[in-house]
1. Check the stretch B:245-260 and report whether any residue there is without any contact (Cβ under 8 Å) to a residue 60 or more places away in the chain, within 25 Å of B:Ile220 (Cα to Cα) and either within 11 Å of chain A (Cβ to nearest Cβ) or of a type outside the set (Lys, Arg) (or both).
2. Run down A:Ala153, A:Ala118 and say which single residue is facing chain B (nearest Cβ under 9 Å), assigned to a loop (DSSP other than H, G, I, E, B), within 20 Å of the chain's Cα centre (by Cα) and of a type in the set (Gly, Ala, Ser).
3. Criterion first (within 23 Å of the chain's Cα centre (by Cα), of a type outside the set (Val, Ile, Thr), modelled with pLDDT of 95 or more and closer than 23 Å to A:Gly156 by Cα) does A:Ala63 satisfy it?
4. How about the stretch B:173-182: which of its residues are part of a loop (DSSP other than H, G, I, E, B) and surrounded by 24 or more Cβ atoms within 10 Å (Cβ to Cβ)?
5. B:Ala106: of a type outside the set (Ser, Thr, Tyr), within 12 Å of chain A (Cβ to nearest Cβ) and crowded, with 24+ Cβ neighbours inside 10 Å, yes or no?
6. For the stretch A:160-172, state whether one or more residues are more than 29 Å from B:Phe67 (Cα to Cα), part of a strand (DSSP E or B), at the interface with chain B (Cβ under 9 Å from one of its Cβ atoms) and at pLDDT 95 or above.
7. Can you confirm whether the stretch B:157-170 contains a residue that is over 20 Å from the mean Cα position of the chain (by Cα) and within 25 Å of B:Ala316 (Cβ to Cβ)?
8. Suppose we filter A:Ala63, A:Ala108 for residues that are in contact with a strand residue (DSSP E or B) (Cβ under 9 Å, 6 or more places away or on another chain), aliphatic (A, V, I, L, M) and within 23 Å of B:Gln252 (Cα to Cα); which single one remains?
There are 2 protein chains.
Amino acid sequence: MHAIGIDIGGTKIAGAVVDELGTIIRSERVPTPAGDPQLLEDSVATMIESLSTDASIVAVGVAAAGFIDAAQSTVYYAPNINWRNEPFREKLEARVGTAVVVDNDANAAGWAEFRFGAGRMVSDMVMLTIGTGVGGAIVAGDRLFRGGFGAGAELGHLRIVPEGIACGCGQRGCLEQYGSGRALLRTANEIADAGGIGVGLANARAEHGALDGPVVAALIRAGDPGALAALHELGQWLGPAAASLSAVLDPQRFVFGGGVAAAGELLLGPVREAYLEHLPARGYHPEPDFVIAELVNDAGVVGAADLARVWVDEHA
Amino acid sequence: MHAIGIDIGGTKIAGAVVDELGTIIRSERVPTPAGDPQLLEDSVATMIESLSTDASIVAVGVAAAGFIDAAQSTVYYAPNINWRNEPFREKLEARVGTAVVVDNDANAAGWAEFRFGAGRMVSDMVMLTIGTGVGGAIVAGDRLFRGGFGAGAELGHLRIVPEGIACGCGQRGCLEQYGSGRALLRTANEIADAGGIGVGLANARAEHGALDGPVVAALIRAGDPGALAALHELGQWLGPAAASLSAVLDPQRFVFGGGVAAAGELLLGPVREAYLEHLPARGYHPEPDFVIAELVNDAGVVGAADLARVWVDEHA
């Protein structure tokens, strides 16, 4: 039984035929026609038709950034696509003649890790995707947790500092402003400007101007003290936030994904340390472990396909 | 089909025979033999035997403050009873010959509201119990949410202020220190000391010394501006915390219980206002409503009994 997963990103649409073990049988990729919802719908429909030719497809899962309703059907809002209350499932089903479900992209990635990656040994996990922003996914009792309206697991918008740094969501002090790749770059640039620990960041800044992700990532891998200090500061925010999430969700495992998670133990070490230091009632209940995501680039399409397969199974 | 609910509090043990509609058929109450686990076990067993005489009992649910494992069986830690890793279910089943399940008292109260009280029209709710501390319960997809180890929904220990006020859990800045009845009293005493708005708090302070709950509650009911200002400040912390919980859990409804919730709309008004002001991406997804708990004093025993009945149903 194969399913198709489609991941609509800000710059590209990725699609794949995925088998029951999460293996990608075949994949395609096209640029996202950003700002043109009709063309985007056409692109997705064309990709589904193209991927449908050589396999017996039982369902199609579509993942996109934004808020999707609890029925995995209507997109309340998708920032990259200019959608408001878009009945995407209905529209797409009418065109492709297969069951379609729509889900949030971070949810799809988290589900893929739970089923086939770093979360497959536990029943309850929390995934934090540390990319430009901070994405979240929750699996509880072997099921994806969506919330009552479908808009839950927006873990990047936990308020961790009263009236803190302004966030794109309209609020201030969200975790995303302190624990994301963007926050890491902000700190790295501050360290470079201040001089002090190590010379790597300051030299790179003199050479390239404002530091970007690849430069900081390379310095982290090279063990530059300034770059590691920036990563350590990220952990000082992510650790207490994970401790708060433990008080609420009590997962057995935290999975860290996204570009920044490529730092591996260099990220997990500071996060785990700050987590344990801030865990309420530490020592009086079991503690989760901290691991890095495994599926990385394919998590979105694999998770979307598997969520569609699960939906069909449950509604058969 | 009747079930027995037992609620082990800090000062008293309440027990009741509860029917399938959440109605109490018969109830008993004895003082808690605090600090003597064996005597406490005897008291609970005696109460169960006493309540078992006149009804066909299918299960016994026991609620207590503390951390209970996900199997509703072992108490990791109960602060009032001096329990550590206590296999209370096993011990009690051996004595009373009926299926026993153990759960956290806030979970039991939340479940009672969901089944028979303020949450019965929704599938996903969050309950905040504003008493001396702040208790929490989560219902998601019509099920009680316990977390992977059973220690979730400790909503009073969400960190809302980095390095804020010290909390009994060993951390700082927990919601419990800003949104509880204790916090309300702290603010009321501060306002009384500072003079200023209204004279009710200052007069009461001059008459009684340090203000306590009943005095402040009476002033709130009387519309004293100082007491209402203290309640308003409570809302200024509870509202943003609820907004963070929406980002994570996205409930359809927030239920407020505990002694402070007796203030009704005088509490809900400020909370709702601060919530909406701090809701991430407001306007881009549906919003929950805010209501006051209905069952109040009986929620613990009713919820414990019903959780036991649910357990028996699912394991029949």
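The values are calculated or read from the model by the stated rules, or taken from the named source; none is laboratory data. Everything numeric here is computed off the predicted structure, so don't read it as measured data. Neighbour counts are summed over all protein chains in view; Cβ atoms, including those assigned to glycine, are modelled from backbone coordinates with ideal geometry.
1. Looking only at the stretch B:245-260, we keep the residues that are without any contact (Cβ under 8 Å) to a residue 60 or more places away in the chain, and these are B:246-248.
The next check asks that each one be within 25 Å of B:Ile220 (Cα to Cα); those that pass are none.
Scanning the stretch B:245-260, I find no residue that is without any contact (Cβ under 8 Å) to a residue 60 or more places away in the chain, within 25 Å of B:Ile220 (Cα to Cα) and either within 11 Å of chain A (Cβ to nearest Cβ) or of a type outside the set (Lys, Arg) (or both), so the answer is no.
2. Details: A:Ala118 fails: facing chain B (nearest Cβ under 9 Å).
Step by step, each of A:Ala153, A:Ala118 is checked, and only A:Ala153 is facing chain B (nearest Cβ under 9 Å), assigned to a loop (DSSP other than H, G, I, E, B), within 20 Å of the chain's Cα centre (by Cα) and of a type in the set (Gly, Ala, Ser).
3. Details: within 23 Å of the chain's Cα centre (by Cα): yes; of a type outside the set (Val, Ile, Thr): yes; modelled with pLDDT of 95 or more: yes; closer than 23 Å to A:Gly156 by Cα: yes.
Yes, satisfied.
4. Keep residues of the stretch B:173-182 that are part of a loop (DSSP other than H, G, I, E, B), which gives B:173, B:175, B:180.
B:Leu175, B:Ser180 - these are the residues of the stretch B:173-182 that are part of a loop (DSSP other than H, G, I, E, B) and surrounded by 24 or more Cβ atoms within 10 Å (Cβ to Cβ).
5. On the way: of a type outside the set (Ser, Thr, Tyr): yes; within 12 Å of chain A (Cβ to nearest Cβ): no; crowded, with 24+ Cβ neighbours inside 10 Å: yes.
No: the conditions fail for B:Ala106.
6. Yes, the stretch A:160-172 contains a residue that is more than 29 Å from B:Phe67 (Cα to Cα), part of a strand (DSSP E or B), at the interface with chain B (Cβ under 9 Å from one of its Cβ atoms) and at pLDDT 95 or above.
7. No, that holds for no residue.
8. Working: A:Ala63 fails: within 23 Å of B:Gln252 (Cα to Cα).
The conditions single out A:Ala108.
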